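Colleague: Mind looking over this structure? Questions follow.
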Amino acid sequence: MIHVVWDWNGTLVEDLPVVVESVNAALEAIGECSITEEDYREHFTRPVERFYEALLERPVTAGEWDTLDRVFHDHYRATLDQVPLSYDALDAIELVADRGWSQSILSMWWEDELLTVVAQHGLLDHMSLVQGNRDDPGGEKARHLLEHLASLDIEPHTVVMVGDSLDDAAASGVVGTACVLYDGGSHHLDVLEDVGVPVTGSLVEAVNIATQVGR
């Protein structure tokens, strides 16, 4: 049986506009210029501190990082009610359930807030586990994916990770799961296609691809 691990931000929810607004609020707080969605897609990476360094083309001081992290999260929290589910997220989740597979959510957003918003969208009952970030602001996802699968007691070779970022693909590669990337906005499509895993603009299609890549 296949287990699908869903990413949240940029995958199950369409939050790119809010993310870019939050980045711009953070940049303004340290006296830097705003960016566009294209700038974000061009530079986004994890750890997030490296993303800001790429944007600014200089190192980020410890004080600046503290401000960037705090202002970004404060602004994003204030606009959570503006973030909708991706257009076919519910159909994709229901398709996984109809096939008798299990599924869970792993996000780098803070766990207590993630649980609240997933519940508000009525998705908790569909998931074996909803896990977010507890202690690693801006960090990479691989360690969290390892802990996620250990909590589920699931072997990596049965898992398909569905996410929208290079970090999702990198985590899958480290842990040994299959991966399908969703063109949800974090990167340009050609960048995703260069990773070497299937890429799609539909979450329903991602589930269908999971049938082929899942083991």
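The values are calculated or read from the model by the stated rules, or taken from the named source; none is laboratory data. Here the structure is a predicted model, which is why all the values come from computation and not from measurement. Cβ atoms come from the backbone with ideal geometry, glycine included; neighbour counts cover every protein chain shown. Ligands, DNA and RNA are excluded from the accessible area calculation, which covers all protein heavy atoms including side chains. Shrake-Rupley method; radii C 1.70, N 1.55, O 1.52, S 1.80 Å.
Colleague: Restricting attention to region 193-204, which residues are of a type outside the set (A, V, I, L, M, F, W, C) and open to solvent by 40 Å² or more (accessible area, probe 1.4 Å)?
Modeller: Step one: list which residues in region 193-204 are of a type outside the set (A, V, I, L, M, F, W, C), which gives 193-194, 196, 198, 200-202.
Within region 193-204, Glu193, Asp194, Gly196, Pro198, Gly201 qualify.
Colleague: Is there any pair with a first residue in region 6-32 that is closer than 25 Å to Glu205 by Cα and a second that is open to solvent by 40 Å² or more (accessible area, probe 1.4 Å) and outside any strand (DSSP E or B) whose Cβ atoms are under 7 Å apart and which are 6 or more apart or on different chains, and what are they?
Modeller: So the pair list comes out as Val13/Pro84; Glu14/Pro84; Leu16/Glu37.
Colleague: Separate question: Restricting to region 4-58, count the residues that are closer than 17 Å to Ala142 by Cα, in contact with a strand residue (DSSP E or B) (Cβ under 9 Å, 6 or more places away or on another chain) and of a type outside the set (Val, Ile, Thr).
Modeller: Counting residues in region 4-58 that are closer than 17 Å to Ala142 by Cα, in contact with a strand residue (DSSP E or B) (Cβ under 9 Å, 6 or more places away or on another chain) and of a type outside the set (Val, Ile, Thr) gives 5.
Colleague: Further question: So which residues in region 96-115 are among the aliphatic types (A, V, I, L, M) and open to solvent by less than 40 Å² (accessible area, probe 1.4 Å), if there are any at all?
Modeller: If the condition is that a residue be among the aliphatic types (A, V, I, L, M) and open to solvent by less than 40 Å² (accessible area, probe 1.4 Å), then Val96, Ile105, Leu106, Met108, Leu114 are the ones that fit.
Colleague: Working carefully through the options Asp153, Asp190, Asp136, find the one that is under 15 Å from Val48 (Cβ atoms), without any contact (Cβ under 8 Å) to a residue 40 or more places away in the chain and open to solvent by 20 Å² or more (accessible area, probe 1.4 Å).
Modeller: It is Asp136.
Colleague: Which condition number in (1) outside any strand (DSSP E or B); (2) open to solvent by less than 30 Å² (accessible area, probe 1.4 Å); (3) closer than 27 Å to Phe51 by Cβ; (4) touching a residue at least 40 places away in the same chain (Cβ under 8 Å) is the one that Val207 fails?
Modeller: Status for Val207: all satisfied but (3).
Colleague: OK, next. Would you please list the contacts, defined by Cβ atoms under 7 Å and residues six or more apart or on different chains, that run from a residue in region 160-182 that is free of Cβ contacts under 8 Å to residues at least 24 places away in the same chain and of a type in the set (D, E, K, R) to a residue that is part of a strand (DSSP E or B) and surrounded by fewer than 24 Cβ atoms within 10 Å (Cβ to Cβ)?
Modeller: none
Colleague: Another question, if that's okay. State yes or no: is Asp183 among the charged types (D, E, K, R), under 15 Å from Asp7 (Cα atoms) and out of contact with any Ser or Thr (no Cβ under 6 Å at 6 or more places or on another chain)?
Modeller: Yes, satisfied.
Colleague: Consider only pairs whose beta carbons are under 7 Å apart and that are at least six residues apart or on different chains; among these, list those whose first residue lies in region 91-105 and is farther than 18 Å from Pro156 by Cβ and whose second residue is among the aliphatic types (A, V, I, L, M) and open to solvent by 10 Å² or more (accessible area, probe 1.4 Å).
Modeller: Taking only residues 6 or more apart or on different chains, the pairs are Asp91/Val204; Ala92/Val204; Leu95/Val204; Gly100/Met1.
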